[in-house]
Amino acid sequence: MRIQCPFCGERDLSEFAYLGDADFRRPDPDAADAEARFFNAVYVRDNPAGPHDELWYHASGCRSWLRVTRNTRTHEILAVNFPTPSGGS
Amino acid sequence: MARYAGDSTARLGFALMRYSIFNLVRQALSGHRAWGPAWRDAAPKSAYDVVIIGGGGHGLATAHYLAKIHGISNVAVLEKGWIGSGNAGRNTTIIRSNYLLAGNNPFYEWSMKLWEGLEQDLNYNAMVSQRGVLNLYHSDAQRDTYARRGNAMRMHGVDAELLDAEAVRRMLPFLDFNGARFPIHGGLLQRRGGTARHDAVVWGYARAASDRGVDIIQNCEVTGFIREAGTIVGVETTRGSIRAGKIGMAVAGSTSRVAELAGLKLPIESHVLQAFVSEAIKPFIPGVVTFGAGHFYISQSDKGGLVFGGDLDGYNSYAQRGNLPTVEDVCEGAMALMPAIGRVRVLRSWGGVMDMSMDGSPIIDRTVIAGLYLNAGWCYGGFKATPASGWCFAHLLARDEPHAVARAYRLDRFATGHLLDERGVGAQPNLH
Ligand SMILES: Cc1cc2nc3c(=O)[nH]c(=O)nc-3n(C[C@H](O)[C@H](O)[C@H](O)COP(=O)(O)OP(=O)(O)OC[C@H]3O[C@@H](n4cnc5c(N)ncnc54)[C@H](O)[C@@H]3O)c2cc1C
Ligand SMILES: [Zn+2]
């Protein structure tokens with residue numbers, strides 16, 4: 001597996017560290033159902049077989065966080081973007 | 001003997017032959033031409049009392065104990081490929097009960113006790129070999145952690161011995177004791193741990209369950225659930241719809257995918273774990289050895305191949321193969337621990353898809369949907385759990401209450417905060 005870093009170009013998997021599902025959002029702690037929302041955010045995962053948006057960190061390169069779309073069935077990298085401050089891409 | 005004769009002929013359409021020295025000699029004299037098949041490759045009926053999804057070790061063990069312990073034999077095991085084509089046929093076959101937490105230890109020890117009587121129970125040679133599992137430690141802090149784990153085991157009545165470096169050297173003189181980067185200070189030994197033949201476990205459970213009337217249905221993928229008034233009453237499959245009083249899921253790496261068919265989201269991620277086997281060599285490694293300064297474990301199969309593995313690749317995956325950085329990492333662990341291994345050639349490597357739970361421990365519980373039961377989250381330690389997992393899942397399905405040793409394996413523990421995190425790494429599945 002190689003990831004096309006927008007800064008550094010195509011680099012080997014061993015340069016990156018994996019965090020996981022990119023759609024983690026810190027829930028609003030003041031929401032009425034905050035407890036349920038935190039449970040969902042911390043523990044529950046879509047875990048799809050197919051395209052998956054996930055966060056990778058280019059640890060041995062530019063040290064950017066990347067939002068990568070990758071097919072979990074084939075390991076094919078479909079897209080690489082910077083995560084936006086709002087969490088979308 | 002009686003168990004396998006008479007009534008099974010009438011029920012199944014063929015007589016299951018009991019394996020014994022007498023029958024071996026008899027078959028040998030007739031050129032081994034009269035051995036029958038070990039189990040029936042059944043076609044689906046329209047309804048069962050219990051349907052188990054997944055013909056891995058856990059699904060088949062569940063069916064066996066449902067029939068044997070609870071007298072429920074109108075059971076089908078549905079397998080999308082062939083039985084044992086998932087993780088049951090891909091693991092490194094290590095069995096042990098050296099767990100720290102009170103929620104885990106009695107469960108794995110019950111599994112060990114079932115392993116100890118498995119071959120008699122199944123009348124099948126599962127090659128259970130209690131050759132010992134030794135976890136090496138490489139620092140004072142790690143010795144303290146292992147001493148604590150060993151003490152917890154002994155308080156649960158499980159065997160554990162803390163060895164110093166000299167004792168390890170006497171056992172395994174070929175390890176690197178000379179100026180290694182991570183010097184070996186000793187190890188925690190469970191002599192009752194060891195290995196078993198993974199395929200034989202699958203076949204043995206299949207044979208015993210089939211003999212009691214369980215239908216084992218291969219090439220039968222579950223593609224949906226049939227619901228009536230909020231209750232799940234059956235499954236849609238590639239071989240037609242099948243109704244069931246209760247449905248148990250035991251699909252390991254495919255858990256999230258099958259749960260999604262029922263509209264459930266779970267605290268699980270699927271990750272790939274690789275394993276390796278070398279060319280066969282003369283007896284070299286007497287038991288199971290694990291390296292404590294990296295992640296590497298190794299044993300030697302009875303055929304002579306060195307069977308070894310290490311960490312997960314670390315990213316979500318449903319591909320049953322991994323990448324090169326992990327291969328390198330595993331081989332570096334091997335070289336750091338036993339440099340002699342460098343002369344041995346790797347024969348094969350492969351991967352399996354692990355159902356990694358968010359605290360590293362399994363789930364054996366009801367779901368929020370009536371009629372649907374869950375057995376999942378085995379991470380990469382579910383082979384050793386096969387007998388107890390089947391035992392406890394059968395208990396839950398038959399009686400609608402958890403078995404005493406599986407009481408901590410609740411699905412709601414993530415919401416209530418009663419986690420079972422042996423490694424203490426939190427909700428990061430690729431670290432468990
Ligand atoms: C490389 C590797 C090394 C391991 N080493 C060890 C070890 O040393 N010790 C240990 O204790 N554990 C180990 N494990 C873990 C262990 O193998 C698993 O935890 C255990 O096998 C999981 O239970 P199972 O046998 O029932 O799973 P599986 O054999 O995976 O059974 C699940 C079955 O469900 C079927 N299925 C999936 N979806 C459907 C569907 N929709 N319809 C019908 N059927 C379906 C699959 O085809 C599969 O056969 C290892 C795993 C791997 C991959
Ligand atoms: Zn970069």
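Every number in this text was worked out from the coordinates using simple rules, so none of it is lab data. As the structure is a computational prediction, the values presented were derived from the model and not from experiment. Cβ placement follows ideal geometry from the backbone for every residue including glycine, while neighbour counts extend to all protein chains displayed.
Among B:TRP35, B:TRP378, sorting on how many other beta-carbon atoms sit within 10 Å of each Cβ, with the fewest leading, yields B:TRP35, B:TRP378. In this rough spin-label picture, where each label sits 7 Å from Cα along the Cβ direction, the A:SER64-A:ARG37 distance is 3.1 nm. With a Förster radius of 30 Å applied to the beta-carbon distance between B:ASP421 and B:ARG399, the computed FRET efficiency rounds to 0.60. By the beta-carbon count within 10 Å of each Cβ, the least crowded to most crowded order of B:ASP215, B:ASP41, A:ASP33, fewest first, is A:ASP33, B:ASP41, B:ASP215.
Taking every C-alpha pair closer than 8 Å and separated by at least 6 residues, the mean separation divided by the residue count of chain B gives a relative contact order of 21 percent. Averaged over residues, the count of other Cβ atoms within 10 Å places the peptides B:180-188, B:74-82, B:384-392 in the sequence B:384-392, B:74-82, B:180-188, highest first.
Between B:ASP164 and B:GLU116, full extension at 0.36 nm per residue minus the direct alpha carbon distance yields a gain of 14.5 nm. Just need the relative contact order of the stretch B:224-370 here, percent rounded to a whole number, with Cα pairs under 8 Å and 6+ apart. Relative contact order here is 27 percent. Charged side chains reduced to their Cβ positions (Lys and Arg at +1, Asp and Glu at -1) give the protein assembly as shown a dipole of some 1520 debye around its Cα centre. Distance between the modelled labels on A:LEU78 and B:PHE177, one decimal in nanometres: 5.5 nm (7 Å Cα→Cβ projection).
Around the amide H of A:GLY20, modelled in the peptide plane, lie the amide H atoms of A:LEU55, all under 5 Å away and 5 or more residues distant in sequence or on another chain. Bridgeable aspartates and glutamates around B:LYS282 (alpha carbons under 15 Å apart, same-chain partners fewer than 8 residues away excluded): B:ASP302.
Placing +1 on the Cβ of every Lys and Arg and -1 on the Cβ of every Asp and Glu, with no other charges, gives chain A a dipole of roughly 260 debye about its Cα centre.
Across the stretch B:397-414, computed HN-Hα scalar couplings (Karplus, 6.51 cos²θ - 1.76 cosθ + 1.60, θ = phi - 60°) run 5, 6, 10, 6, 9, x, 6, 3, 7, 10, 5, 7, 8, 7, 6, 8, 5, 5 Hz from first to last residue, x flagging Gly and Pro. Close amide H contacts of B:GLY305 (hydrogens built in the peptide plane, cut-off under 5 Å, sequence separation of 5 or more or a different chain): B:ILE281. Among B:ARG321, B:ARG33, B:ARG154, the largest mean-square fluctuation in a Gaussian network model of chain B (Cα springs under 10 Å) belongs to B:ARG33. A full extension of the chain between B:HIS32 and B:VAL344 corresponds to an added length of 108.7 nm, given 0.36 nm per residue minus the alpha carbon distance.
Please report how far the C-alpha centroid of the stretch B:19-49 lies from that of the stretch B:211-253, rounded to the nearest whole angstrom. Spelled out, the Cα-based centre of one part sits 26 Å from the other. What does the charge add up to near B:MET153, with Lys and Arg as +1, Asp and Glu as -1, over the other residues with Cβ less than 9 Å from its Cβ? Combined, the nearby Lys, Arg, Asp and Glu give 0. Under a model in which nothing but the beta-carbon of Lys, Arg (+1) and Asp, Glu (-1) is charged, the stretch B:161-209 shows a dipole of about 200 debye around its Cα centre.
Please give the net charge around A:ARG67, taking every other residue with its beta carbon less than 13 angstrom from that of A:ARG67, where Lys and Arg add +1 and Asp and Glu add -1. Around A:ARG67, the charge tally is -3. Unpaired cysteine residues in the protein assembly as shown (no second Cys Cβ under 4.7 Å): A:CYS62, B:CYS220, B:CYS331, B:CYS379, B:CYS392.
Label positions at B:LEU261 and B:SER85, each projected 7 Å from the Cα along the C-beta direction, are separated by 1.4 nm. Set the Cα radius of gyration of the protein assembly as shown against 2.2 N^0.38 Å, with N its number of residues, and you get 1.00. Using only Cα coordinates, the Kirkwood hydrodynamic radius of chain B works out to 22.4 Å.
Of the GluC sites (Glu not before Pro) in chain A, the ones in a loop by DSSP (not H, G, I, E or B) with at most 14 other beta carbons within 10 Å are A:GLU76. Each stretch of four or more DSSP H residues adds -39500 (n - 2.57); spread over every residue of chain B, this sum gives -8500 deg cm²/dmol at 222 nm. Over the stretch B:159-227, one equal point on each Cα, no solvent: what is log10 I(q)/I(0) by the Debye formula at q = 0.12, 0.13, 0.15, 0.20 Å⁻¹? Here the Debye-derived log intensity ratios amount to -0.63, -0.66, -0.70, -0.94.
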